Amino acid sequence: MKRNAMIALAIACMLVLAACGGNNGASSGDGGGNAEGAEEPELRMLMQYSLFDPNEDYMAKAITEKTGFPVKYEMLPAENADEKLNLMVANKEDFDLMKLSAPQFFKLATAGALEPLDELIDSYGANVKAAIKEPSWQSSTIDGQIYAVPETGSGISIGEELIVRQDWMDELGLEAPTTPDELYTVLKTIKDEKGVIPLTGSKDAIFGDISAAFGIHNAWNETDGTLAHKAELPQMKDFLTYMNKLYSEGLLDSEMPINTTPKAIEKFSSGQAAMFRMAWWNAPGLVKALEQSAPESEIAVIPYLQSAEGAAEVGISTAITWYIAIPKASENKEAAMRFLDAKLADDVFKSLAIGEEGVHHEVKDGKYFPILPKFNDDLNNGSAYMTGTNEHTYPDYWQARVRKDPVLQHYYETFQANAEAAEIIIDPMSTAPPIDAVSRNTQKLNKLLTDAVIMFISGSRDIAEYDQFLEQWHAEGGAEMVASANEWYQSAGAGE
């Protein structure tokens, strides 16, 4: 009896140990591990096009080392990427993961080519759940089901702001303008006294600091629970009237309609223009060029302009950057989700985002700084491999990339501080899923609006005709697009 009892106890212990060995340590997802010691299946992942070999890059090897998953990476072609993607899906090629743009995601999800992820996330995605904030999930939810892991960028980050030749401002005794009226006075004084282009730019930079002071913040704007596209806002006429005044009086670059961004930068950095709306990522090249052409020059950033009501506001979109989907044709759906979950474990994600402390980055005053050139050598292509970010920590990690250069860091941090001193208005469509009528019409209607705005500003079309233009805009898809946007907004409860 005693011997039989000992045997039974030994068997029971073995069963307990076997039950406890069900997670290989690569993922902390609830119930999400592979059996102890078992090899993970090789996954096949489709990425967006880029100029490097995705299977030979440092990041590919680091991901496998950190997660335990071997992965074969392939890229879409540079040209006709959508056609190639559609052909792959039609042929049921055995990809396990796809990194998709918004239009690509919407088309495949609505065609039934993507796996709903709700059950997989519940079973194997504890880290995924913890990393991604609730609003982001709305963007990948269609008809009540999640079809992708949404990948955000660097969080709330302001990209562009007006800069001015401060040495000329000092010479003329001018203070930084705080309103559109004060901006007009500054530009007129510069034109009269310096004989240079007061404000240069390209047609891509029409909307921004100045339009925000007129209440035009983003592509989509919310009033009393209803969405309106910026083309529909009554403030557009006031904004265009102001810009036309600048243009007609020679205060705005006459070549703005044909300037490219590099051309506008060249005009500012060569001393032909006094003011320019700069993106912080262009700062190092612009500053270096200006130092060469005018060594004694100084640049100042103009704080965001105030509206007639005295409010300084800045618009921003926090839209999802990419969608990480599992195709219906995948034979490794559970493993694919466990892989995504393993990459979003806190320590793993940090190491993939900014590398190892003391090797790729260092911490100073609570901020992450890159160790060069090792950071660039190993992590330069890191964002291409991302399959979702930890939205709570990534904005801090990501800033290591802007601290590669003190000029880059200065302008990035100045822009963000100025935005925090103002009121940041987030585009209410930022968390929307791809909507058919919006996806189909946005590119065409944006071009229609930009072309018309250029004509109104330059005076080749009378602003009195704006209502006529708006009728055309609505007829060519705008009405359908706005109606669909509002249908989503109300269904999501955002308009309540």
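The values are calculated or read from the model by the stated rules, or taken from the named source; none is laboratory data. Values in this document were obtained by computation on a predicted structure and should not be read as measured data. Reconstructed Cβ throughout: ideal geometry from the backbone, glycine too, with neighbour counts over all protein chains shown. With ligands, DNA and RNA removed, areas are computed over all heavy atoms of the protein, side chains included. Shrake-Rupley method; radii C 1.70, N 1.55, O 1.52, S 1.80 Å.
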query = How large, in percent, is the carbon and sulfur part of the accessible surface of the chain at a probe radius of 1.4 Å?
reply = 50 percent
query = Against the longest alpha carbon principal axis of the chain, how many degrees, from 0 to 90 and to the nearest 10, is the axis of helix 479-491 turned?
reply = 50 degrees
Alpha-carbon centroids, region 219-284 and region 332-357: separation in whole Å = 41 Å
note = Length gained, L51-N86, 0.36 nm per residue minus C-alpha separation, equals 10.4 nm
query = In nm, to one decimal, how far is the modelled label at E134 from the one at T185, with both set 7 Å along Cα→Cβ?
reply = 4.8 nm
note = The local net charge around I132, scoring Lys/Arg +1 and Asp/Glu -1 for residues other than I132 whose Cβ lies under 13 Å from its Cβ, equals -1
ask   = Over the Cα atoms of region 201-299, what is the Rg over Rh ratio if Rh follows Kirkwood?
value = 1.06
request  = At 0.36 nm per residue, minus the direct Cα-Cα distance, what do T64 and I425 gain on full extension? Give it in nm, one decimal, please.
outcome  = 126.0 nm
ask   = Can you give the extra length, in nm with one decimal, that the chain gains between T321 and K447 once fully stretched, where that is 0.36 nm per residue apart less the Cα-Cα distance?
value = 43.2 nm
Gap separating the Cα centres of region 370-388 and region 46-121, nearest whole Å = 19 Å
key: Net charge of Cβ neighbours under 15 Å - reference K404; Lys, Arg +1; Asp, Glu -1   = +1
task = Quick one: order H360, H392 from most to least accessible surface, probe 1.4 Å.
result = H392, H360
ask   = Assigning unit charges at the beta carbon (Lys, Arg +1; Asp, Glu -1) and nothing else, what dipole magnitude in debye, to the nearest 20, does the chain show about its Cα centre?
value = 1080 debye
remark   = FRET efficiency for A228 and E487 from the Cβ-Cβ distance with R0 = 22 Å, rounded to 0.05, comes out at 0.95
ask   = For the residue pair W281 and D436, what label-to-label distance in nm results when each label sits 7 Å from Cα along the Cα-to-beta-carbon direction?
value = 3.4 nm
remark   = Between Q272 and A38, the FRET efficiency computed from the C-beta separation at R0 = 45 Å comes out, to the nearest 0.05, as 0.10
note = Out of Q490, S139, A126 - ranked by how far each Cα lies towards the positive end of the dipole of the chain, with unit charges on the beta-carbon of charged residues - the top one is A126
remark   = Taking the dipole of the chain about the Cα centre (Lys, Arg +1; Asp, Glu -1; charges at Cβ), the one of L408, P103, L352 that reaches farthest to the positive side is L352
request  = Please work out which option in [x] 24.0; [y] 25.5; [z] 24.7 gives Kirkwood radius over Cα pairs in Å calculated from these coordinates, and answer with its label.
outcome  = [y]
Average accessible area per residue (Å²) across the chain - probe 1.4 Å, nucleic acids and ligands excluded = 46 Å²
request  = Quick one: net charge around W473, please, counting Lys, Arg +1 and Asp, Glu -1 for every other residue with C-beta under 13 Å from its C-beta.
outcome  = -4
ask   = If R0 is 30 Å, what FRET efficiency do you get for D192 and S460 from their C-beta distance, rounded to 0.05?
value = 0.70
key: Principal axis dimensions, largest first and in whole angstrom, of region 354-496 by Cα   = 61, 40, 31
With Cα atoms, 0 to 90° folded angle of helix 81-90 axis to the chain main axis = 30 degrees
message = Compute the angle between helix 283-293 and the longest alpha-carbon principal axis of the chain, please, reported from 0 to 90 degrees and rounded to the nearest 10.
response = 40 degrees
request  = For the chain, build the charge dipole from Cβ charges (+1 Lys, Arg; -1 Asp, Glu) around the Cα centre, then report which of P41, I426, N91 sits farthest towards its positive end.
outcome  = P41
request  = Under a cut-off of 25 Å between alpha-carbon atoms, report the lysines in cross-link reach of K194, not counting same-chain residues fewer than 8 places apart.
outcome  = K203, K245, K263, K267, K288
